[in-house]
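Read through the structure below, which is laid out as structure tokens, and then see the notes.
The values are calculated or read from the model by the stated rules, or taken from the named source; none is laboratory data. Quick caveat, the model's predicted, so the values are computed rather than measured. In this analysis, Cβ positions are derived from the backbone assuming ideal geometry, glycine residues included, and neighbour counts consider all displayed protein chains.
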Amino acid sequence: MTALLFRPLEVGEFDLFHSYGPLPASGVGARNLPFEELGYRPEWLWVALRGDEVVARAAFWGPPGSEHPFTLDWFDPGTGPDRIEVGAALLRAAYAALVTPEYSTPAGARPDFHLFLPADWNERPDAVADVADRVEAAGKAGLRRFIERLNLRWTPEYGLPPRSTRLTFTPATDDALVLDLLARTFPDSLDAYSVTDAEKHGARRAAEIILGEVADFPGGRDRWRLAHDASGDLVGIVMPTRNSRFATIGYIGVDAAHRGHGYAADMAAEALHIFTAEGEPEVRDNTDVGNAPMAAAFARIGYRITGRRLIMV
């Protein structure tokens, strides 16, 4: 059998990546934008070649201007009997080359693997099989399953929810105040990333990570709002912003002492009013499958589920 070669693309070789063939018929791995609009760089796209044939492929992504990729968000291990071993070997080669000693991004010590899934993937045998191949290959490459998330979308045609009548909102301009509040959102949080950061770094540092990450979004921080209840108490924060392609809520959190009142829905609704006033055509967000209160809050104000995303780290 011809030996395998693992390498990144060179400039002008996108056709080589596409020569692998179509995405799985199950919809596993499918994106909501054409390849050309996703901003991939050739040096971050890797292929496994057996002779001239691409038998596996992987695409790493980072925002414009980033020195290193943040995520692996396209991975096809192939369809042959040795697909798991080939896919794992491709990922090992790519990670070894991309995660150099100077690698550093807000996302962590190496790119997370984001596997995009149909909303009903776990009810369909073909999708379950395609997911299993990718998860097994990634696991053999050293990644571990972390969390599954709901991908959500809202557009004005879904209906703008009413603004809150029980919360008032003020600009979030005081970093010290924001950091103190963010730290108070972590106890008993159902957000896996927040919990992991707080356990690893402590609440204060985890708050600094969130503030820094969301402030670095292209949308800036002019839309961020602090939420106050009828007595004037500070109960939460919502950080509407924009990434490189669409409007999104960078973070939404309720002070642990004020949970149980459904304030998250009020704060998300405020974000939608801000976005609508600015003419944003759509808003895309996500939340952990296990974060039932947040998922319910999004559903209550009109968000619709567009798919799921399995994350391995």
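If the condition is being farther than 28 Å from Ala109 by Cβ, assigned to a loop (DSSP other than H, G, I, E, B) and either of a type in the set (Phe, Trp, Tyr) or touching a residue at least 12 places away in the same chain (Cβ under 8 Å) (or both), then segment 141-172 contributes Thr155, Gly159, Leu160, Pro161, Pro162, Arg163, Ser164, Arg166, Leu167, Ala172. Is it the case that Gly232 is more than 17 Å from the chain's Cα centre (by Cα), part of a strand (DSSP E or B) and modelled with pLDDT of 95 or more? No: the conditions fail for Gly232.
Could you tell me whether segment 41-54 includes any residue that is touching a residue at least 60 places away in the same chain (Cβ under 8 Å) and farther than 19 Å from Ala127 by Cα? For segment 41-54, residues touching a residue at least 60 places away in the same chain (Cβ under 8 Å) and farther than 19 Å from Ala127 by Cα: absent.
Return the residue satisfying two criteria in turn: it lies in segment 200-217 and is free of Cβ contacts under 8 Å to residues at least 60 places away in the same chain and in contact with a strand residue (DSSP E or B) (Cβ under 8 Å, 6 or more places away or on another chain), and of such residues it is surrounded by the most Cβ atoms within 10 Å (Cβ to Cβ).
Among those residues, the one meeting the criterion is Ile210.
Within segment 65-72, can one find any residue that is surrounded by 14 or more Cβ atoms within 10 Å (Cβ to Cβ), in contact with a helix residue (DSSP H, G or I) (Cβ under 6 Å, 6 or more places away or on another chain) and either of a type in the set (A, V, I, L, M, F, W, C) or in contact (Cβ under 8 Å) with a residue 24 or more places away in the chain (or both)? Yes, the conditions are met somewhere in segment 65-72. Of all residue pairs spaced 6 or more apart or on separate chains, those with beta-carbon atoms under 8 Å, a first member in segment 298-313 that is over 13 Å from Leu272 (Cβ atoms) and a second member that is surrounded by 20 or more Cβ atoms within 10 Å (Cβ to Cβ) and of a type in the set (Gly, Ala, Ser) are Met312/Ala138.
Scanning segment 155-164 turns up no residue that is farther than 17 Å from Met312 by Cα, hydroxyl-bearing (Ser, Thr, Tyr) and exposed (fewer than 13 other Cβ atoms within 10 Å of the Cβ). The set of residues from segment 263-313 being more than 18 Å from Thr165 (Cβ to Cβ), aromatic (Phe, Trp, Tyr) and touching a Leu at 6+ places or on another chain (Cβ under 8 Å) comprises Phe298, Tyr303. The C-beta contact set for segment 86-115 (first residue assigned to a loop (DSSP other than H, G, I, E, B), second residue basic (Lys, Arg) and surrounded by 15 or more Cβ atoms within 10 Å (Cβ to Cβ), distance under 8 angstrom, 6+ apart or interchain) comprises Val99/Arg110; Tyr103/Arg110.
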